[in-house]
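Below is a structure I'd like to ask you about.
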Amino acid sequence: MAYQGLAQEYLGMPAVTRAYTTACVLTTAAVQLEFITPFQLYFNPDLIFRKLQIWRLITNFLFFGPLGFSFFFNMIFLYRYCRMLEEGSFRGRTADFVFMFLFGGFLMTLFGLFASLFFLGQAFTIMLVYVWSRRNPYIRMNFFGLLNFQAPFLPWVLMGFSLLLGNSIIIDLLGIAVGHIYYFLEDVFPNQPGGKKLLLTPSFLKMVFDTPEEDPNYNPLPEDHPENQPGDQDQQQQRPL
């Protein structure tokens, strides 16, 4: 029963959240089982452009370190806020959600060219948290029962928590900066006087990920109406023996 419930919960996850979290877990499992090493995954511009190890542009977003507190902490936040975004403000707009992934990953990769950052998955998680928090500004949050605050402060609380654990906050600041750029261009600037929407999802992404809307003016032919279709009994009579 527990297995069925877990499988049902997994299959009930929205597509992008399921794909990304699965890729992160499988990548970490592969490292733990020593099928691959982090040295084959980390962001290295020289290896990417000179050795054409293009996969590093993606794998550096999938590895969150070895199994431990930090890994599970990141996975919980990644799953939670990625899913709430996809089921909330991006409901029915999977192509726009994928485009946000591509836009955020592109900006982080550009920054990674000029800084010694090897893995950008945590920054990507912070970006998702930031966008969700700005789109839900009135939700009250509780952090481990210690702090109560409004949702927009959540990325900064997470950065402070990283600082307390002795981690570098450069990754957190990068995620906040990229999240703010996306939020400003998508939600703020288009609503300003003289502003316009600058982030336009490419049409090919909409063709791949979004279900085409039904034309309300479409009038099917008479023979296409259900009442004019042959019943099961008629179909059975027409089958060859």
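The values are calculated or read from the model by the stated rules, or taken from the named source; none is laboratory data. This one's a predicted model, so the numbers in the text were calculated from it and none came from an experiment. All Cβ positions, even for glycine, are placed from backbone atoms using ideal geometry, and neighbour counts span all protein chains on display. Please note that ligands, DNA and RNA were not included when accessible areas were found on the heavy atoms of the full protein model with its side chains. Shrake-Rupley method; radii C 1.70, N 1.55, O 1.52, S 1.80 Å.
What net charge is computed for the residues neighbouring TYR183, neighbours being all others with C-beta under 11 Å from the C-beta of TYR183, Lys and Arg scored +1, Asp and Glu -1?
0
Continuing with this model, one more query. Place a +1 charge on the Cβ of each Lys and Arg in region 73-145 and a -1 charge on the Cβ of each Asp and Glu, then give the dipole magnitude about the Cα centre in debye, rounded to the nearest 20.
For this selection, approximately 240 debye.
To continue, here is another question. If you fit an axis through the alpha-carbon atoms of helix 2-11 and take the longest principal axis of the Cα set of the chain, what angle between them do you get, 0 to 90°, nearest 10?
Roughly 80 degrees between the two axes.
With a Förster radius of 30 Å, plug the Cβ-Cβ distance of LYS196 and ALA19 into 1/(1 + (r/R0)^6) and report the FRET value to the nearest 0.05.
The formula returns an efficiency of 0.45 here.
Is region 1-116 best put as rounded, prolate or oblate by its Cα gyration tensor, with a ≥ b ≥ c the root eigenvalues, rounded for a/c under 1.5, and otherwise prolate when a/b is larger than b/c, oblate when not?
It comes out oblate by the Cα gyration axes.
Taking the chain as the reference, fit the longest principal axis to its C-alpha atoms, fit the long axis of helix 154-164 to the helix C-alpha atoms, and give the angle between the two in degrees, 0 to 90, nearest 10.
40
For region 1-86, state which GluC sites (Glu not before Pro) are in a DSSP loop and have at most 10 other beta carbons lying within 10 Å of their beta carbon.
Hits after loop and neighbour filter: GLU34.
For the chain, give the magnitude of the charge dipole about the Cα centre (Cβ charges: +1 Lys/Arg, -1 Asp/Glu; no others), in debye to the nearest 20.
That gives the chain a dipole magnitude of about 1180 debye.
Apply the Karplus curve 6.51 cos²θ - 1.76 cosθ + 1.60, θ = phi - 60°, to the phi angles in region 49-64 and return the couplings in whole Hz, x for Gly and Pro.
Karplus values, whole Hz, x for Gly and Pro: 8, 8, 9, 6, 8, 5, 4, 5, 5, 9, 5, 5, 8, 9, 9, 10.
Tell me which chymotrypsin sites (Phe, Trp or Tyr not before Pro) from region 7-60 have a DSSP coil assignment and no more than 15 other beta carbons within 10 Å of their own.
Passing sites in region 7-60 are PHE35, TRP55.
Through the Karplus equation 6.51 cos²θ - 1.76 cosθ + 1.60, θ set to phi - 60°, convert the phi angles of region 116-129 into ³J(HN,Hα) values in whole Hz; use x for Gly and Pro.
Along region 116-129, the couplings run 8, 10, 9, 9, 10, x, 5, 4, 5, 5, 4, 4, 4, 4 Hz.
Check MET141: other-chain or 5+ apart residues with amide H under 5 Å from its amide H, H built from backbone geometry?
Here the answer is PHE149, GLN150, ALA151, since their amide H atoms fall under 5 Å of that of MET141.
Assign one of three labels to region 1-209, namely rounded, prolate or oblate, based on the Cα gyration tensor with a ≥ b ≥ c the square roots of its eigenvalues; rounded applies when a/c is under 1.5, prolate when it is not and a/b is larger than b/c, and oblate otherwise.
Taking the square roots of the gyration eigenvalues as a ≥ b ≥ c, region 1-209 is rounded.
Which trypsin sites (Lys or Arg not before Pro) in region 32-64 sit in a loop by DSSP (not H, G, I, E or B) and have at most 13 other Cβ atoms within 10 Å of their own Cβ?
ARG50, LYS51
Using a 1.4 Å probe and ignoring any ligands, DNA or RNA, find the accessible area of MET84 and quote it in Å² to the nearest 10.
Around 60 Å² of this residue is reachable by solvent.
Still on this structure: Relative to the longest principal axis of the C-alpha atoms of the chain, give the angle of the C-alpha long axis of helix 94-112, reported between 0 and 90° and rounded to the nearest 10°.
Here the helix axis deviates by roughly 20 degrees.
Continuing with this model, one more query. What are the ³J(HN,Hα) values, in whole Hz, obtained from phi via the Karplus relation 6.51 cos²θ - 1.76 cosθ + 1.60 with θ = phi - 60°, for each residue of region 37-47 in sequence order, with x given for Gly and Pro?
Each residue of region 37-47 in turn: 10, x, 5, 8, 10, 5, 6, 9, x, 4, 5 Hz.
Does region 75-181 come out rounded, prolate or oblate, given a ≥ b ≥ c as the square roots of the eigenvalues of its C-alpha gyration tensor, rounded meaning a/c under 1.5 and, failing that, prolate meaning a/b above b/c?
oblate
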